[in-house]
């Protein structure tokens, strides 16, 4: 006899096969690594952004400091220029009376019969050119200048006889001379 069961029967559910342990471990490790990499990447990006901002602010500070340094160098240059000008002014004030003293001394020591035609003054050197009626007047003038406290190294460089006169006039004997000397600043 055949039996037929018309009542519904319970079907047994198949139990799913468990996932192998090594696959689960690999998936878990991969997920953890991805999370770590995302976190590290975020940290690096944040650090990079902070460094870019710091670089930009440092470049702005550097630009500002360079402008200030340029102004400082200009100021230092102005200070040096002012110091040079100040020194020149002080030297001029110190030496402003010297040409007057030189002319006064040259004219005071000038004997009768001697006249000056040219005077050049360069630093401490003086060159004189002039004329005299006699050679002894020239020598007397040189000796007077040697005795002066204002001049030193007085040297008669040249003394030449030259007759001066014109048509129908009597010629006059004139001695042209050149004298070199230095100023005694001490």
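Worth pointing out:
- Lone qualifier among 156, 128, 119, 145 - being within 23 Å of residue 105 (Cβ to Cβ), assigned by TED's automatic domain parsing to the domain that holds residue 103 and assigned to a helix (DSSP H, G or I): 145
- Residue in the stretch 121-128 that is touching a helix residue (DSSP H, G or I) at 6+ places or on another chain (Cβ under 8 Å), surrounded by 10 or more Cβ atoms within 10 Å (Cβ to Cβ) and within 29 Å of residue 172 (Cβ to Cβ) present: yes
- Of the residues 23, 4, the single one that is surrounded by fewer than 10 Cβ atoms within 10 Å (Cβ to Cβ) and at pLDDT 85 or above is 23.
- Residue under evaluation residue 12, criteria (1) exposed (fewer than 10 other Cβ atoms within 10 Å of the Cβ); (2) in a helix (DSSP H, G or I), criterion not met: (2)
- Evaluating residue 175 against the criteria (1) touching a residue at least 24 places away in the same chain (Cβ under 8 Å); (2) exposed (fewer than 11 other Cβ atoms within 10 Å of the Cβ) leaves one unmet condition, (2).
- Filter result for residue 51 (touching a helix residue (DSSP H, G or I) at 6+ places or on another chain (Cβ under 8 Å) and either touching a residue at least 24 places away in the same chain (Cβ under 8 Å) or not assigned by TED's automatic domain parsing to the domain that holds residue 176 (or both)): no
- The number of residues in the stretch 102-116 being part of a helix (DSSP H, G or I) and loosely packed, with under 12 Cβ neighbours inside 10 Å comes to 2.
- Taking the stretch 99-114 as the range and being farther than 15 Å from residue 145 by Cβ and in contact with a strand residue (DSSP E or B) (Cβ under 7 Å, 6 or more places away or on another chain) as the test, the residues that pass are 99, 113.
- Among the residues of the stretch 141-170, not one is farther than 18 Å from residue 102 by Cα and at pLDDT 90 or above.
- Flag for residue 173 being at pLDDT below 90, under 18 Å from residue 112 (Cβ atoms) and more than 51 Å from the chain's Cα centre (by Cα): yes
- Looking only at the stretch 115-146, residues that are within 51 Å of the chain's Cα centre (by Cα) and in contact (Cβ under 8 Å) with a residue 12 or more places away in the chain come to 18 in all.
The values are calculated or read from the model by the stated rules, or taken from the named source; none is laboratory data. The model shown is predicted, which means the values in this text are computed figures rather than measured ones. Glycine gets a Cβ as well: all are built from the backbone with ideal geometry, and neighbour counts include every protein chain shown.
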